[in-house]
Every structure is written in structure tokens, then in C-alpha cells.
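Visitor: Have a look at this one.
The values are calculated or read from the model by the stated rules, or taken from the named source; none is laboratory data. No experiment lies behind these values; they were computed from the predicted model shown. Cβ coordinates were reconstructed from backbone atoms using ideal geometry, including for glycine residues, and neighbour counts include every protein chain displayed. Areas reflect the complete protein model, heavy atoms only, side chains present, ligands, DNA and RNA absent. Shrake-Rupley method; radii C 1.70, N 1.55, O 1.52, S 1.80 Å.
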Amino acid sequence: MVSLAQPHQRQFNPYSENGGTILAIAGADFSVIAGDTRQSEGYSIQTRYAPKVFRLTDRAVLAVNGFAADGNMFVKSVRQRLEWYRHAHAKDMPLRAIARLIQTMLYARRFFPYYVYNILGGIEDDGTGAVYSFDPVGSYEREACRAAGAAQSLVQPFLDNQIYYKNQTPAPGTSFPVHLPLSTVLSLVIDSFTSATERHIEVGDGLEMYVVLARGSTALQSLGNIRGIQEITSTQDGEKVPRQISTNIPLLLSPLSSSSLYVLASLTPLFAIASSSGRFKDGFLTNANPSQKHRRKSHIMIFTPLIFLAIASLAPSVYSQDIVYNAEHNATTIVGTWSSGSKNVVTGAGFANPANESFTYPKTTGISYSFSDDGYYEIARYRFNGNGSEPTCITGVIGWVHGRYKLESNGSITMVPLGDGYQQIQDPCAAVSNFIEDYNLTETYVQWRIFRDATTGYKLHLFQFDGAPLAPQFQVSTTPNMLPTTLLRNIPTATTSAGNGVKTQTRRSLLQRKSNDAPANHLAVAFAATAGMVTLSVATLLL
């Protein structure tokens, strides 16, 4: 019998729309680039802190919106190209050249494009502010202002009216200014996101604003009212030394060789800001008469104490922020043990044995942090790094370190090791393919946040010195799972060294794990590399 069943259609969509909104405004000698922090899909909020604005150089900032995975990968690719340029030419790429680079990279992927809308803002070589907007296949133009994302249809008409003065007529005998002052632009940006948050479900949670100033810009004084300013000056050996700037005196900075990059980020949710005579509820300000509604929102947004300023310039490098440690911003204490992903990587005796410099290799990769209430920390890391040029040259790294940590007043965390940390590196394409080395680096995280996830519970977000986020970590236990907080490992005098403190003794392969079902001297394993998810089969590994 012949079947007359109709064929079934199968579909696969490689893209997703993750909401959010970005915008940028160019001034005479500054640029402001901003974006909210909500990442969603449909009616589900995936995370309340997903940055959409990224620093490229001291004179350029890139905002991306659309498919979050494509956006993060595209920013990585752009930063890599800029790093190559910096090594080759001993200087940063100019803003106009970065715009052309982004256009070329997007157009090269036009047959399977990055589903992202990019806005590039910064300072040109002549000291003027500039904004470049891009579509997903590389078409771009220089503009005075541009908005993109879920609330573009709400924000762009407002910017057209306030920046381009569309549908406005100047008073007789007067004309509209060519450029607005920085204080006015900041108010416009805040008002834009406040109104968008009230009217669009895919915009909200937080607002990040980057301000790029030209050398000698008078707009710097517009930032003087912001509280919690901290400057970090780099010493000759590259160490960053924090210095608190008083909020009772005018903001004075050392002369800059080119331009300055400022970061203003409202950590207060856009929809939950209280007022003495009215408050936001479900995105709207209640108990306020209509004539005062717009003015009160702008005032609250600007003068909320939960705004931080970070400064990064060619002379001093500054990253800081003003965090209030309370239940509103940290759902629980940081004390305890945290682990990412499948939680197979956990600190403590089940991960490392410093006495004989060995590891118990977890089933999957990940990171784990533990913090005690008396100021001690422990870190366990296990990862594989892919190699796009040589797919077979996958590097495996597993490491352990502990020491003392300090919660700084500006909201950052400083971790100083005790001096007995170590890591194992396996690179099949290197001259020495498997070795153990010391690892005792002081680490600084400019921000940390703890959220409560409805499914997984408490979730810790750590942000590195450059603002890049680590993988989210979930709470494993409220008590720290740590090895003794004393020096546990000393370098044996009988061990020979081969430069830079790297030991030449051979260690067991990172891929090898003991199995109850197979002989101890043979193992077949498979693992996936994070870059490209390349799956390899490794067989007959001999001890």
C-alpha cells in the first residue's frame, strides 16, 4: 500500500532576538554611548546584567545589540584585531579606521551574518566626537545620534527631536545650537532609557553609560557631581594604585596625552527607584502630578547614589565603581563555595593536593571560588583553550591558588595569594607538552554581584579588571569548602628548573582519568574544546 502521508517540514533558526536597547550621541568634544543590561527572549528574562557596551580603546567604545551570542563573539573578534594592530604599530587604531574595520568584518560575513546592530562612539584624531552606526551586513554612516534595539522606535524619534531639532522652530532671532553640552546629553540619555523602560518589556534592570572626552575638554566639570569617584594611577611597573578623589572639591585630573574614557553605570534597576513623594512601580512613577512627573524621574536618575564613575586614559588607567553592600544589590553574602556550569569543579581537597602538586581531574571544565568570613579565598580552575589555526593544538590548563581577599570600598575585590599556588599546562604542540608551574598572581575584580535565580538559586557574577565577566557561578554551599589557609606547598630544592620557574618533571596527562572499568594504564576519553566545540578522541594514553 502506498502511503499518502504529507511530508513534515523541519526548521532551524540559528538566531534569536535578546532584546535591550543601545544609543550613542556625539558632542563637540565628547561622545556618550549607553545601553541597558537586560537580556531576554520572548517573555523570559535570561539575565539582568548582560553588558551591551564595551571599551575597545581609550578613544573608542562599541555598543552591540541583537543576538547576544553573536554580539559577544563579534566584540571578541574586534578586540583581537585591535590587539594585533597595537602590537604591529605600537599605537591604538584611530576611530575612523575602527569603523572601516567593523564594516569589513561585517560584510565578510554577509552570507551568514552576525545578527547584531553596532554603534561605535568615540573621539576622532581632530578631537571631535563621532558616532558610527552599522547594520548587520556592514552598511554604516557617521551620525550625531543613533539608537538601536528593541526600543529604537521609541527612542530614535525623541533623539531626532532633541538632537536634530526636528519638528521644532527656533524663537525669532535665534538658532539652535550645533552641539549640546555634556550635562544636557546625559539627561537626555537617562530620560530616553527611563521612558523606554516604562513602555517596553525588553528594556530595563540597569543602565551603563560611557563618556569619551577629548584632551582638554571643558565638559569634564559636568561629571563633578557624581559620587564615588576613584582614580587608579599606574606606576612604572604597571601596578594600579587606587586613590580616592574627594567629592567636596572640584574634579581635577592629571594632563592627558590624548583622550579620556569615563564609565557611568546606574546599578539601580530602572524600574525600582524610590522618591520621597512618589515612586516607580511596574515601570511608572505613582503619586505624582503630571506636571512634575518627567522632571522628578530625571532628577532621581541623575542623583541616585548608586552611580559610579570609572576613568581609563592613556596616562592613568582607572576602573572603579560605587557599590552599596545591601540586600538590594547583593542577594546574599559572598561567603561560601561557588561553582560554574555543571558544578563538577569545586574547591577543596577533592580538587588539588598541593603537597605532591597533583590534581583530581573533574569530569567537565569550569571554575570554582570559595570565600571565608575571615578574609581567605580559594580558586579552582579547569579549562581547555581551542586553537582556530591549529585545531589539534588544544591547550589544557588546570590550576589551584589560595590567599587573602579584601572587599574594597569602591566595590571591587582584591585577591592576594599566599605564594603556594600552581597550575598544570598541557599543550601537544609545544616543546614541553606537559608541565607544572607556579601560579601566584594578585587578581582584581572591579565588580561583583549576587542575584537570586528562580531556578538555580543564588548566582555570583565576577567581573575582571577590564570589565569582562567570568562565567556565572552558583552557590554550592554556604560554608567555604577550602584547604587549610596556611602555606601548603614549598618548591623542593631537588627539583630542577628550566627558566621562568617552570619545572621539567613530567606530569600525568590532563585527559587521563582513572576508570573502574578499564586498566589503569590505558584510557579512551573524549572532550569538547570551548572554541569551536572540536571533539577529539584520545586513545591508548600510556602513563
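Visitor: Mind checking which residues of segment 31-59 are under 17 Å from L207 (Cα atoms), polar (S, T, N, Q) and surrounded by 22 or more Cβ atoms within 10 Å (Cβ to Cβ)?
Guide: Keep residues of segment 31-59 that are under 17 Å from L207 (Cα atoms), which gives 31-40, 45-55.
Narrowing further to those that are polar (S, T, N, Q): 31, 37, 39-40, 46-47.
The answer is S31, T37, S40.
Visitor: Moving on. Looking only at segment 169-197, count every residue that is outside any loop (DSSP other than H, G, I, E, B) and either at pLDDT below 90 or under 26 Å from the mean Cα position of the chain (by Cα) (or both) and tell me the total. Don't jump to the end; show me each part of the working.
Guide: Step one: of segment 169-197, the residues outside any loop (DSSP other than H, G, I, E, B) are 182-197.
Add one more test, that the residue is either at pLDDT below 90 or under 26 Å from the mean Cα position of the chain (by Cα) (or both), and what stays is 182-183, 185-197.
Result for segment 169-197: 15.
Visitor: Just give me the residues in segment 351-372 being more than 19 Å from D438 (Cβ to Cβ) and among the hydroxyl-bearing types (S, T, Y), in sequence order.
Guide: The answer is T360, Y361, T364, T365, S368, Y369, S370, S372.
Visitor: Within segment 353-379, track down each residue that is part of a strand (DSSP E or B) and more than 29 Å from the chain's Cα centre (by Cα). Reasoning before the result, please.
Guide: First pass over segment 353-379, keeping only residues part of a strand (DSSP E or B): 353, 358-359, 366-371, 376-379.
Of everything in segment 353-379, those that are part of a strand (DSSP E or B) and more than 29 Å from the chain's Cα centre (by Cα) turn out to be N353, S358, F359.
Yes/no matrix, rows are residues, columns are (1) open to solvent by 10 Å² or more (accessible area, probe 1.4 Å); (2) β-branched (V, I, T):
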residue: V61; (1), (2): no, yes
residue: R79; (1), (2): yes, no
residue: H87; (1), (2): yes, no
residue: D92; (1), (2): yes, no
residue: Q103; (1), (2): yes, no
residue: L106; (1), (2): no, no
residue: G127; (1), (2): yes, no
residue: P136; (1), (2): yes, no
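Visitor: Within segment 143-168, count every residue that is within 26 Å of the chain's Cα centre (by Cα) and in a strand (DSSP E or B).
Guide: So the count comes out to 5.
Visitor: Looking at segment 351-384, which of its residues are open to solvent by 60 Å² or more (accessible area, probe 1.4 Å) and either within 21 Å of Y405 (Cβ to Cβ) or in contact with a Ser or Thr (Cβ under 6 Å, 6 or more places away or on another chain) (or both)? If you could, list the steps in order and put the result at the bottom.
Guide: Of segment 351-384, the ones open to solvent by 60 Å² or more (accessible area, probe 1.4 Å) are 353, 355-356, 360, 363, 373-374, 383.
If the condition is that a residue be open to solvent by 60 Å² or more (accessible area, probe 1.4 Å) and either within 21 Å of Y405 (Cβ to Cβ) or in contact with a Ser or Thr (Cβ under 6 Å, 6 or more places away or on another chain) (or both), then D373, D374, R383 are the ones that fit.
Visitor: Here's something else I'd like to know. I'd like to know if segment 415-423 contains one or more residues that are under 23 Å from the mean Cα position of the chain (by Cα), open to solvent by 30 Å² or more (accessible area, probe 1.4 Å) and of a type in the set (V, I, T).
Guide: Filtering segment 415-423 down to residues under 23 Å from the mean Cα position of the chain (by Cα) leaves 415-416.
Pick out the ones that are also open to solvent by 30 Å² or more (accessible area, probe 1.4 Å) and you get 416.
Now restrict to residues that are of a type in the set (V, I, T): 416.
Yes: segment 415-423 contains one or more residues that are under 23 Å from the mean Cα position of the chain (by Cα), open to solvent by 30 Å² or more (accessible area, probe 1.4 Å) and of a type in the set (V, I, T).
Visitor: Still on this model: Give all pairs with beta carbons closer than 7 Å in which a residue from segment 423-451 that is closer than 30 Å to V476 by Cβ and at pLDDT below 85 meets a residue that is basic (K, R) and outside any strand (DSSP E or B); count only pairs at least 6 apart in sequence or on separate chains.
Guide: F451/R48
Visitor: Still on this model: Filtering segment 153-182 down to residues that are open to solvent by 60 Å² or more (accessible area, probe 1.4 Å) and small (G, A, S), which residue is farthest from D36 (Cα to Cα)?
Guide: Across segment 153-182, the extreme among qualifying residues is G173.
Visitor: Out of segment 420-458, which residues are more than 20 Å from Y382 (Cβ to Cβ) and assigned to a strand (DSSP E or B)?
Guide: T444, Q447, W448, R449, I450, F451, R452, D453, G457, Y458 - these are the residues of segment 420-458 that are more than 20 Å from Y382 (Cβ to Cβ) and assigned to a strand (DSSP E or B).
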